[in-house]
Amino acid sequence: MAALLLKTPQTQKYVVQLAEFIKRAEGHLTVLTGAGISTDSGVPDYRGPRGIYVKNKDYRPIRFQEFISAHSIRQRYWSRSFLGFPRIMRARPNRSHHAVHGLQEEEWISGLITQNVDGLHRGEGIVEMHGTLHKVHCLSCKHTISRADWQQTIADLNPELVDWVRRNPNAGEGDVASSTAVRPDGDIETAWDYSRFEYPHCESCGTGMYKPSVIFFGENIAPESRDQTFRFIDDSQALLCIGTSLQVYSAYRLALRAKAAGQPVAVLSLGETRADPLVDLKIMDGCSDVLEGVREQLCKHSSH
């Protein structure tokens, strides 16, 4: 209990409330996480108080049809993504990720679903419903390579860009040293002229177009991922949503499905969510302090 005493009285109250919510699920709890759980790792979110949509009202993420429609759009996307991805690659799981992983290992959580593409959740059986930035695949033959290999290939094809980064670590909007303009999907604002950027066709089929293994706007979630999220909900007794606004329907419908099955729904998030009218417990506080406290409290009851 010593660590809990370092938290504010309000946070301690939230810890007790959420711990009780989790205990009542008796190990049959699905957890859904969004970008808010990764902000303490240096990965920005979209709709939080300092999110991309708040800081840049005009920001609009790339859509799938745009990506496949024109070479120039792919040049722009891949050049910016090449610059932004190292920040994602350097990110490490924070206290929230560790707390959730601990609750999984102690069998308080039966299913973990994440909307995030940063790969910061570790462990088995995690559904990355929007894919992962750490892989790239061919749209034609589905050949897949690691993002690390892709980054090296891009560097080899674009020595001019690599040299530009070396000479301009603080080049205005393209501040690749601090990556202050990086997006949750690894995209970044840059002043570099992307019209000279080169990217390869598929090394397996020779003609296919590579795409990051994430779900772009306008794409459907993979059926196997969708079905697994439904199974997690159907096999649960409660749903806990962490760091997500639930604005995207693929996430919101999981809250609807849980409520339709008579399950209580809790939300831990700093802002408003689409599901606020239907939740049973809403906690507006930072993820890390609350989750760390919850895990500490529940580890004393791990024989549930």
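FYI, it's all coordinate maths here, none of it is from the lab. In this text the structure is predicted, and so the values were computed from the model without any measurement. Ideal geometry is used to build each Cβ from the backbone, glycine not excepted, and the neighbour counts take in all protein chains shown.
Assuming R0 = 41 Å, what is the FRET efficiency of Asp193 and Tyr249, from their Cβ-Cβ distance, to the nearest 0.05? Computed FRET efficiency for Asp193 and Tyr249 comes out at 0.65. Sites listed here are trypsin sites (Lys or Arg not before Pro) in region 90-161 whose DSSP assignment is loop and whose Cβ has at most 13 other Cβ atoms within 10 Å: Arg122, Lys142. Listed by Cβ neighbour count within 10 Å, with the fewest neighbours leading, His97, His121, His201, His137 appear as His201, His137, His121, His97.
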